[in-house]
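Here's the structure we're looking at; comments come further down.
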């Protein structure tokens, strides 16, 4: 294991992370991790743990991690959308060339409703952007 461990470890969870201070400076030379905070990425909340107050350096490390994490999640969101576009194309090809009548019967209504919903949202958002652009 590397001797150069980070000062903090962030255990990712669904809405944020648990923050631990990494300590290797002990008699047994074991890696010890003390939880110092819980983060909520969505609302930006940082809750210190164990009745402690976070130092300026801890807060700086946490806020930098949160900013990087938000960027990572935003990139993943866009990647998921581009994958959805691919899946729509794959689905169209499947429906045209491989699907049986029974398979199409099973999925057609759900697909049509989902695509109608998506189209409605996209058209409304496009219209809002065009109106805003015209006002500016």
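Brief remarks on what is shown
- Take the conditions (1) farther than 30 Å from residue 9 by Cβ; (2) surrounded by 11 or more Cβ atoms within 10 Å (Cβ to Cβ); residue 65 misses just one of them, which is (1).
- Filtered by the rule that a residue be closer than 22 Å to residue 51 by Cβ and part of a loop (DSSP other than H, G, I, E, B), region 7-25 gives a lone residue, 7.
- Residue within region 19-35 that is outside the structural domain of residue 122 (by TED's automatic domain parsing) and in contact with a helix residue (DSSP H, G or I) (Cβ under 7 Å, 6 or more places away or on another chain) present: yes
- Unmet requirement for residue 45, which otherwise passes all of (1) within 13 Å of the chain's Cα centre (by Cα); (2) more than 14 Å from residue 10 (Cα to Cα): (1)
The values are calculated or read from the model by the stated rules, or taken from the named source; none is laboratory data. Because the structure is predicted, anything quoted here is derived from the model rather than measured. With ideal geometry, Cβ positions are generated from the backbone for all residues, glycine too; neighbour counts draw on all protein chains shown.
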